[in-house]
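Q: Just passing along the structure, written as structure tokens.
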Amino acid sequence: MKAARIHSFGPPDVVVVEDVPMPSPGPDEVLVRVMAAGVAPWDAIIRDGKSKVSPQPPLTLGSDFSGVVEKVGPGVTDFAPADQIYGVTNPQFCGAQAEFAVATAGMVARKPQSLNHVEAASAPVIAVTAWQMLFQYARAMRGQTVMVVGAAGNVGAYAVQMAVDAGIHVVAIAHLDDEDLLRTLGVKSIIDSSKPAFEQDLPQVDAILDTVGGSTFQRCISALKPGGKLVTSVSTQPLPAGAVFFYAEVTNARLQTLTTLFDAGRITPRVGSILPLSEARHAQRMLAGAPHKPGKIVLQIGNPQQ
């Protein structure tokens, strides 16, 4: 089978698509015929050798995927061959960008019926990240006000949709170029982050969800009400007391929650550039700055309409 691999850490050019043996599922694992796999910033972190969770090369890149169960390992009772599923391969976030992948059964769920495989593969990590930020860590509730820093990004757009759906007021920190997108997602309050001293215009909020880090995030902290929640998915720099930095934990239960939201039309995916597996190296170049469409980069491996 074909897989997008690295044999050493380094820039996008270390990525090769090559033939490797088909894996076999172990206990509590499923073998999946991958139809589509997401490409994400953490893939670049793994490729660069900066990940704290991934194994040493050689390894197959990719975590998010959507596909069809080919075989189940010992102890798996929730899935059977031919089931259409989506999710994440394993806690090491590798192995998905291939024609077949082994996945931990507890990190996958049945694919939303309303999404094709490309759309489903774009969602797991970023949508779970947004859900955890908003509901698990910020504990946002109806009637509260939440600021989303980087509201038009992949994680931010999901956080915005989930907040609006839950009756939570959103203050979006974004570039005005993204105003039309944010308006379609239901945002009424948009602050232009490119404006000098934009922080002087910020209202007080119950929680801040940071998806970009850096100076933009730092300039927003003063908007947090006393006792408010500050949650970041990207900032490993020193944070104010009480702030939370976390890594997404994709589980069957959280994916089922997303499936309900997708199939009810309460959230929608945003797919960006779609490439074949043979162009996995170019997908990594897109992560490094090569032009690409807004939204999640996805490798189409099988039939996306299934």
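The values are calculated or read from the model by the stated rules, or taken from the named source; none is laboratory data. Just so we're clear, the structure is a prediction, and the values are computed from it rather than from any experiment. Counting neighbours? That spans all protein chains shown, and the Cβs are built from the backbone with ideal geometry, glycine included. For the accessible areas, the whole protein counts, side chains as well, though only heavy atoms, and no ligand, DNA or RNA atoms are used. Shrake-Rupley method; radii C 1.70, N 1.55, O 1.52, S 1.80 Å.
Q: Is the shape of segment 174-254 best called rounded, prolate or oblate, per the rule: a/c under 1.5 gives rounded, else a/b larger than b/c gives prolate, else oblate, with a ≥ b ≥ c the square roots of the Cα gyration tensor eigenvalues?
A: Working: a/c = 1.74, a/b = 1.20, b/c = 1.45.
Oblate, since a/c reaches 1.5 and b/c is not below a/b.
Q: Tell me, what is the percent relative contact order of the chain, built from C-alpha pairs under 8 Å that lie six or more residues apart?
A: 21 percent
Q: Further question: Solvent-accessible area of H7, probe 1.4 Å, all protein chains present, reported in Å² to the nearest ten, please.
A: Roughly 110 Å² of H7 is accessible to a 1.4 Å probe.
Q: While we're on this one: Please give the per residue accessible area of the chain, computed with a probe of 1.4 Å over protein heavy atoms only, in Å².
A: Values: 13070 Å² over 306 residues.
For the chain, the per-residue accessible area is 43 Å².
Q: Using unit Cβ charges (K, R positive; D, E negative) and no other charged atoms, how large, in debye to the nearest 20, is the dipole of segment 147-306 about its Cα centre?
A: 240 debye
Q: How much of the accessible area of segment 256-306, in percent, comes from carbon and sulfur atoms when a 1.4 Å probe is used?
A: Accessible surface attributable to carbon and sulfur in segment 256-306 totals 49 percent.
Q: Only Cα pairs under 8 Å and at least 6 apart count here; give the relative contact order of segment 134-213 as a rounded whole percent.
A: On the way: 141 pairs, mean separation 30.3, N = 80.
Worked out over segment 134-213, it gives 38 percent.
Q: Using 0.36 nm times the number of residues separating S215 and D48, minus their current alpha carbon distance, what extension gain do you get? Spell out each step's value before the answer.
A: On the way: separation 167, 0.36 × 167 = 60.12 nm, distance 2.40 nm.
Result for the pair: 57.7 nm of gain on full extension.
Q: I've got another one for you. Would you mind pulling out the separation of the Cα centroids of segment 174-252 and segment 20-35, in Å?
A: Distance between centres, Cα-based: 38 Å.
Q: Still on this model: Quick one: dipole size for the chain, taken about the Cα centre, charges +1 on Lys/Arg Cβ and -1 on Asp/Glu Cβ, in debye to the nearest 20.
A: 320 debye
Q: Suppose the chain between E179 and A241 were pulled fully straight at 0.36 nm per residue; how much longer would it get relative to their current alpha carbon spacing?
A: 19.1 nm
Q: Roughly to the nearest percent, how much of the accessible area of segment 99-247 is carbon and sulfur, given a 1.4 Å probe?
A: Here it works out to 51 percent.
Q: Could I ask something else about it? Helix 154-165: angle to the longest alpha-carbon principal axis of the chain, degrees 0 to 90, nearest 10?
A: Compared with the principal axis, the helix lies near 60 degrees.
Q: Peptides 21-27, 70-76: what's the order by average Cβ count within 10 Å, highest mean first?
A: 70-76, 21-27
Q: Starting from the Cα of K229, draw a straight line to each of the lysines and keep only those under 27 Å, dropping any in the same chain fewer than 8 residues away.
A: Candidates past the 8-residue exclusion: K52, K188, K195.
Q: Would you mind calculating the relative contact order of segment 35-163 from Cα pairs under 8 angstrom and at least 6 residues apart, reporting the percent as a whole number?
A: Computed value for segment 35-163: 23 percent relative contact order.
Q: So, one more: For A197 and V16, what is the calculated FRET efficiency with R₀ set at 41 Å and r taken between the beta-carbons, to the nearest 0.05?
A: Between A197 and V16 the formula returns 0.30.
Q: Peptides 150-162, 82-94: what's the order by average Cβ count within 10 Å, highest mean first?
A: 150-162, 82-94
Q: Among the DSSP beta bridges whose two residues both lie in the chain, what percent are antiparallel, rounded to the nearest 5? Kindly include the intermediate steps, with their values, before the conclusion.
A: Numbers: 32 of 56 bridges.
Of the beta bridges lying entirely in the chain, close to 55 percent run antiparallel.
Q: Would you rank D19, D177, D263, D206 by solvent-accessible area, highest first, keeping every protein chain in place and using a 1.4 Å probe? It would help to have the intermediate numbers written out before the result.
A: Numbers: D19 105, D177 150, D263 70, D206 35 Å².
The most accessible residue leads, giving D177, D19, D263, D206.
Q: Oh, and also: Rounded to the nearest 0.05, what FRET efficiency is calculated for K188 and T268 with R0 set to 22 Å and r the Cβ-Cβ distance? Intermediate values should be presented prior to the final figure.
A: Details: r = 19 Å, r/R0 = 0.85.
According to the calculation, E is roughly 0.75.
Q: Cα to Cα, under 21 Å, and not fewer than 8 places away if on the same chain: which lysines meet these conditions relative to K71?
A: Hits, sequence-local ones excluded: K2, K111.
Q: Also, quick follow-up: I'd like the accessible area for V15, computed on protein heavy atoms only with a 1.4 Å probe and all protein chains in place. Round to 10 Å², please.
A: Here the residue's solvent-accessible area equals roughly 0 Å².
Q: May I ask you to give the percent of accessible area on segment 1-47 that is carbon plus sulfur, with a probe radius of 1.4 Å?
A: Solvent-exposed carbon and sulfur of segment 1-47 make up 60 percent of the total.
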